[in-house]
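Visitor: Take this structure first; my questions come after.
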Amino acid sequence: MQLGLREEFAYFECSKCGCLQIEEIPADLSKYYPNNYYSYVVDRPSLEHPTNGIRSVRAKLIVKILSRHYFSSKNVLGAFVAEKSSLAGDYPYWVRHQQLNLRLHSNSSILDVGCGKGKLLLDLNLLGFSNLLGIDPFLRDDVVYQNGVRVLSKNIEALNQEFDLVMLHHSFEHMPEPLPTLRKAYELVKPGHYLLLRIPLAGSFAWRKYGVNWASLDAPRHLYLHTPNSVQILASQAGFEVAEVVYDSDGFAHWGSELYLRDIPLTDERSPWGGNRNQSTFSQEQLTQFTEQDEKLNKSGEADCAAFYLYKR
């Protein structure tokens, strides 16, 4: 339904952990990742404010304080600035709401697996990080940006070095071998550091409400849709400890699923997808209500997306 193909696929649900799994992976998934697939066309950061943003000297100082607060150790000054500065909103929800000491500094090595053209890495560069690498096997060519960010057309199995942080942002559910992938990721994380795993969640309120019209089901690209229980099982088998879970849904599960109930594809001109302000399906008030509903579900642990911080001793 994202592309409006309206094909049907069978999934089954694990009776033990609730994980959803596609019954048969299509022989050719490439048709479901066209050249204009969103993660392969975005090649610029989303945090570059042209006027009073983080290009100014004052803003860069604020970002330095906030990055130390969020990515290293929580501190009184950082908490004060986070409360007072609008720039705190430029940090992702999964960063602002975690409580861990991630022990990251400006030159920490960070790997993003399945990153498309590396938009998140470009954002992290603007937030003060310089040692950034992304990999995505579906990229046609390597991408090297002027700021030093590199995105390589590689599979995770091709890497051997260790990193201070390894991230899989909504890429894990696209991978056909979850446990071997997680075990390989374990090898790439330095002892005493973290793997960040962000995924959609089966068993959530949105899944129970919308069923096959749940937008985050995203058949057939999403091969496995895990639950907190199945992540716990996988993490333990790979050697990780689940240190913290931050639920971070943003309203998409509701408006996307409501589109599908109306038989409207995600990429249709009537959809809010991509920030389309001219869409005709929902009022701004409705979109705000969807976001507010997800904020409540985030707090209750019923949201359909979460960030799992997996720790390697």
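Visitor: So how many residues does the stretch 134-190 have that are surrounded by 15 or more Cβ atoms within 10 Å (Cβ to Cβ), of a type in the set (D, E, K, R) and part of a loop (DSSP other than H, G, I, E, B)?
Guide: The qualifying residues number 3.
Visitor: Another one. All but one of (1) β-branched (Val, Ile, Thr); (2) over 15 Å from residue 1 (Cα atoms); (3) part of a helix (DSSP H, G or I) hold for residue 212; which doesn't?
Guide: (2)
Visitor: Return the residues of the stretch 246-269 that are among the charged types (D, E, K, R) and under 21 Å from the mean Cα position of the chain (by Cα); say none if nothing qualifies.
Guide: Of everything in the stretch 246-269, those that are among the charged types (D, E, K, R) and under 21 Å from the mean Cα position of the chain (by Cα) turn out to be 248, 250.
Visitor: Yes or no: residue 308 touching a helix residue (DSSP H, G or I) at 6+ places or on another chain (Cβ under 7 Å), crowded, with 20+ Cβ neighbours inside 10 Å and either modelled with pLDDT of 95 or more or not charged (D, E, K, R) (or both)?
Guide: Taking the combined requirement at face value, the residue satisfies it.
Visitor: I'm trying to understand the selection: among the residues of the stretch 243-290, which are part of a loop (DSSP other than H, G, I, E, B) and of a type in the set (D, E, K, R)?
Guide: Within the stretch 243-290, 248, 250, 262, 263, 268, 269, 270, 277 qualify.
Visitor: For residue 212, work out the one condition from (1) surrounded by fewer than 20 Cβ atoms within 10 Å (Cβ to Cβ); (2) among the β-branched types (Val, Ile, Thr); (3) touching a residue at least 12 places away in the same chain (Cβ under 8 Å) it doesn't fulfil.
Guide: (3)
Visitor: Exactly one condition in (1) surrounded by 15 or more Cβ atoms within 10 Å (Cβ to Cβ); (2) on the phi > 0 side of the Ramachandran plot is not met by residue 263; state its number.
Guide: Only one criterion is unmet by residue 263, namely (1).
Visitor: So how many residues does the stretch 69-102 have that are more than 18 Å from residue 306 (Cα to Cα), β-branched (Val, Ile, Thr) and crowded, with 16+ Cβ neighbours inside 10 Å?
Guide: Residues flagged as more than 18 Å from residue 306 (Cα to Cα), β-branched (Val, Ile, Thr) and crowded, with 16+ Cβ neighbours inside 10 Å within the stretch 69-102 amount to 1.
Visitor: Further question on the same structure: For the subset of the stretch 12-41 comprising residues that are assigned to a strand (DSSP E or B) and either among the polar types (S, T, N, Q) or out of contact with any His (no Cβ under 9 Å at 6 or more places or on another chain) (or both), which member is surrounded by the most Cβ atoms within 10 Å (Cβ to Cβ)?
Guide: Ranking the qualifying residues of the stretch 12-41, first place goes to 21.
Visitor: Let me ask you something else. Pick from the stretch 108-126 the residues that are assigned to a loop (DSSP other than H, G, I, E, B) and surrounded by fewer than 22 Cβ atoms within 10 Å (Cβ to Cβ): which of them is nearest to the chain's Cα centre (by Cα)?
Guide: Result: 117.
Visitor: Further question: Do the conditions hold for residue 238, that is, is it surrounded by 20 or more Cβ atoms within 10 Å (Cβ to Cβ) and over 18 Å from residue 215 (Cβ atoms)?
Guide: The answer is yes for residue 238.
Visitor: Continuing with the same structure: Pairs, please: C-beta under 6 Å, at least 6 apart or cross-chain, first residue over 14 Å from residue 180 (Cα atoms) and free of Cβ contacts under 8 Å to residues at least 12 places away in the same chain and in the stretch 224-241, second part of a loop (DSSP other than H, G, I, E, B) and polar (S, T, N, Q)?
Guide: Nothing qualifies.
The values are calculated or read from the model by the stated rules, or taken from the named source; none is laboratory data. Nothing here was measured: the structure is a model prediction, and the numbers come from that model. Quick reminder, even Gly has a Cβ in these numbers, built from the backbone with ideal geometry, and neighbours come from all protein chains shown.
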